[in-house]
Amino acid sequence: MFGHYVATYPTASREACDSVDLIFMTQAEYDGLYGDPQLPLPKAPLIVKRGPAGARLVVDGHPQEVEAAAPRLVNPAGGGEVLAGVFLALRADGLPERVALKYAVRAAASSTADHGVTGAHLTAELEAIRQETGEYRPG
């Protein structure tokens, strides 16, 4: 959805990105806004959703790749939304960005093995993530 604005209003889109605290975008949107290495990256942490390839976290200009496991692909729709939701929930619980993204990519990959977000694969993965992170104590 943001892709239209990236193509039509790239300068305004970059300005919008400079006024937020966290950015999620697809690889195509990233390429359209920041593909030119002469353009400065946004100040806010940026998560580039890369579909089956996983995601990239860019903080202070430093990219960190998180690869996705190869899921049994049934329906890729909604994977990016699952990634964003799990990432935000885990960050709200105090997990560091890189750790939260690792779990979010796992959840997003599992969500593509079923239709919808109530499938057994995503449900099981979310439970596993909850168990693995349940003892996390920030600081």
Net charge near Thr26 (other residues with Cβ under 13 Å of its Cβ; Lys, Arg +1; Asp, Glu -1) is 0
Among Lys102, Lys49, Lys43, rank each residue by its count of other Cβ atoms within 10 Å, from fewest to most, as a rough exposure measure. Lys43, Lys102, Lys49
Along Cα→Cβ, 7 Å out, is where each label goes; now give me the distance between the ones at Asp31 and Gln131 in nm to one decimal. 3.9
Using Cα-Cα distances under 8 Å and only pairs 6 or more residues apart, what relative contact order does region 1-96 have, in percent? 18
Using +1 at the Cβ of each Lys and Arg and -1 at the Cβ of each Asp and Glu in the chain, identify which of Pro96, Tyr34, His115 lies farthest towards the dipole's positive end. His115
Can you give the local net charge around Leu122? Use residues other than it whose beta-carbon is closer than 14 angstrom to its beta-carbon, Lys and Arg +1, Asp and Glu -1. -1
Using the count of nearby Cβ atoms within 10 Å as a rough guide to exposure, how do Ser13, Ser19 rank from fewest to most? Ser19, Ser13
Which angle between 0 and 90 degrees, to the nearest 10, do you get for helix 97-111 versus the longest principal axis of the chain when only C-alpha atoms count? 70
Could I have the simple spin-label model distance between Glu97 and Gln38, label points 7 Å from Cα toward Cβ, reported in nm to one decimal? 2.7
First measure r as the distance between the Cβ atoms of Ala77 and Asp18, then evaluate 1/(1 + (r/R0)^6) with R0 = 35 Å and state the FRET efficiency to the nearest 0.05. 0.70
In the chain, which longest range has no GluC sites (Glu not before Pro) that are both DSSP loop (not H, G, I, E or B) and surrounded by at most 16 other Cβ atoms within 10 Å? 68-134
The extension gain from His4 to Val59, computed as 0.36 nm times the residue separation minus the Cα-Cα distance, is 17.3 nm
Considering only Pro40, Pro63, Pro52, give the residue with the highest GNM mean-square fluctuation for the chain, with springs between Cα atoms whenever their separation is below 10 Å. Pro40
Given (i) 28.3, 86; (ii) 18.0, 60; (iii) 15.5, 46, which label gives Rg and Dmax of the Cα atoms in Å as computed from the coordinates? (iii)
Among Arg91, Arg72, what is the fewest-to-most ranking by other Cβ atoms within 10 Å? Arg72, Arg91
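Laboratory data are not the source of any read-out in this text; all were calculated from the coordinates shown. Just so it is clear, the structure is predicted and the values come from calculations on it, not from any experiment. Quick reminder, even Gly has a Cβ in these numbers, built from the backbone with ideal geometry, and neighbours come from all protein chains shown.
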